[in-house]
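The structure appears right after this line, and notes come after that.
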Amino acid sequence: MVAPGAAAGTPLGTPWPRTATRGADGVVSVGGVSLHDLATTQGTPLYVVDETDMRGRAAALRTAMTAAFAEQGVEAELFYAGKAFLCRGVARWMTEEGLGIDTASLGELTTALSAGVDPARIGLHGNNKSDAEIELALSEGIGRIVLDSLVEVGRVADAAAALGTRARAMLRVTTGVHAGGHEYISTGHEDQKFGLSVHPARAGEDSPALAALLAILDRPELELLGIHSHIGSQILDPAGFAAAASEVMRLRAELAERSGALVGEVDLGGGFGVAYLPGEVELEPERIAKETASAVAEAAATTGTALPQVSFEPGRSIAGPAGITLYTVGTVKPVRLPEGSDVAERLYVSIDGGMGDNIRPALYGAAYHAELVGRTSAAPLVRARVVGKHCESGDIVVHDVDLPADVHAGDLLAVAVTGAYGRSMASTYNLLPRPGVVAVRAGKVTPLVRRETVADLLALDLG
Ligand code: LLP
């Protein structure tokens with residue numbers, strides 16, 4: 001069905017948002033809203049979220065997980081990882097789709113609470129939580145605090161005692177499973193700051209994870225809900241989740257043997273990979289659901305323990321592909337390359353944003369796809385590089401993409417799959433204000449986050 005006011009068009013397909021279509025005039029619409037009209041009314045750069053796609057992704061994951069674990073007779077629960085992109089509008093969408101919210105800072109926690117999310121459906125992470133974060137979490141009675149160290153077991157128990165409350169706690173563990181798109185976003189291996197290892201440092205000793213679980217059980221101010229493992233991000237092979245699930249289940253059985261306490265829940269974190277480029281295939285919800293459900297069931301059988309309830313914390317796979325960034329092209333410059341380069345000439349296409357609104361290419365070498373979205377072109381394609389307007393040569397948004405040779409100043413260009421870790425990791429480098437975020441759905445535009453202005457930046461400057 002075509003949204004009111006939108007021209008019918010051809011679906012763009014992967015990696016564009018699900019409702020993205022291109023009209024005969026070459027103008028792309030998302031959520032029934034023409035990107036040309038959006039650029040005119042909202043300005044560029046602009047983050048655009050396809051609300052139908054984002055909600056649909058949350059719903060599809062929830063359905064797949066619920067179905068796969070229901071087959072084993074247990075419940076699966078989802079928490080949207082707010083670090084991917086959180087604002088109050090998104091927190092409400094996720095709540096309406098039946099997800100809780102996973103937060104990792106005072107800002108994320110306060111945003112979720114201020115959106116009216118039921119505190120019981122909020123989790124708090126962090127390897128170095130502040131007193132203010134712990135106090136807010138406990139005084140609001142949030143559903144789960146994920147403890148990340150032995151020190152924190154004591155800190156949270158003391159804070160709960162002082163507030164006369166009991167903290168619902170999970171323990172974050174590392175399983176040795178190494179998975180993910182980049183070393184910086186792989187968190188299951190053991191040489192890093194998160195969690196406690198399930199492996200003993202020396203033979204015959206308790207593992208740091210087991211020791212911390214026993215310490216939690218020793219503190220009456222803490223209610224131990226379960227064990228948490230997040231192995232990394234942008235993972236395309238479900239085998240890592242299955243391997244981590246087995247390790248966590250083994251630890252759960254070990255704890256039960258030592259203490260008699262069989263914890264009720266296992267959280268397998270987020271990290272489900274998405275397609276960033278045409279031709280790539282995302283890790284489908286049904287595959288993750290099936291593989292993790294059978295790994296948990298198998299481990300339960302092997303260890304002779306009852307099945308736990310399972311939870312997940314997806315961020316990227318819900319927000320990423322639903323979002324794009326819309327830019328206006330400025331300077332276009334052909335650069336001749338030395339002999340032996342991959343192409344003889346590269347067309348440098350400068351846009352009105354850059355590494356300030358998308359740091360991922362510079363930080364992780366992440367690859368993106370871009371297209372002109374405001375017109376058709378019969379010009380041949382040339383090898384182009386989409387670059388920003390910041391003062392460094394590493395300010396590259398798309399390393400390699402084929403664009404029409406007649407790309408020129410004033411053209412509209414969109415970069416796909418920027419909905420996760422785009423706005424949430426944006427900076428004001430070079431004192432460039434951060435772009436706003438709008439949601440589009442059924443021909444309607446809903447502003448989610450206001451565009452920052454130079455006046456906003458100056459307001460922080462005390463002169
Ligand atoms: N749960 C925990 C405990 C996490 O640390 C993370 C991500 C998630 C869930 C959500 O993971 P996701 O489903 O979004 O992959 N800035 C990096 C990604 C860092 C992810 C950090 N933790 C990037 O832009 O690729």
Quiz item: Just checking, how many residues over the range 69-87 are surrounded by 17 or more Cβ atoms within 10 Å (Cβ to Cβ) and in a helix (DSSP H, G or I)?
Solution: 1
Quiz item: Do we find that L363 is assigned by TED's automatic domain parsing to the domain that holds S350, within 16 Å of the ligand (Cβ to nearest atom) and farther than 20 Å from R22 by Cα in this structure?
Solution: yes
Exercise. Any chance you could count how many residues in the range 242-276 are more than 15 Å from the ligand (Cβ to nearest atom) and outside any helix (DSSP H, G or I)?
Key: 5
Quiz item: Say we look at the range 121-176 and pick out the residues that are assigned to a loop (DSSP other than H, G, I, E, B) and among the hydroxyl-bearing types (S, T, Y); which of these is farthest from the ligand (Cβ to nearest atom)?
Solution: T165
Quiz item: For the range 13-55, how many residues are of a type in the set (A, V, I, L, M) and assigned to a loop (DSSP other than H, G, I, E, B)?
Solution: 2
Exercise. Please find, within the range 404-427, the residue that is farthest from the ligand (Cβ to nearest atom) out of those that are closer than 29 Å to L448 by Cβ and outside any loop (DSSP other than H, G, I, E, B).
Key: L412
Quiz item: Among the residues of the range 310-333 satisfying the criterion of being within 14 Å of D102 (Cα to Cα) and in a helix (DSSP H, G or I), which is nearest to the ligand (Cβ to nearest atom)?
Solution: R316
Exercise. Answer yes if at least one residue in the range 52-68 is surrounded by fewer than 16 Cβ atoms within 10 Å (Cβ to Cβ) and under 23 Å from S424 (Cα atoms), and no otherwise.
Key: no
Quiz item: For the range 13-22, does any single residue satisfy the condition of being within 16 Å of the ligand (Cβ to nearest atom) and in the same structural domain as L283 (by TED's automatic domain parsing)?
Solution: no
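The values are calculated or read from the model by the stated rules, or taken from the named source; none is laboratory data. Bear in mind the structure is a predicted one, so any value in this text is a computation, not a measurement. Cβ sites come from the backbone with ideal geometry, for glycine too, and all protein chains shown count toward neighbours.
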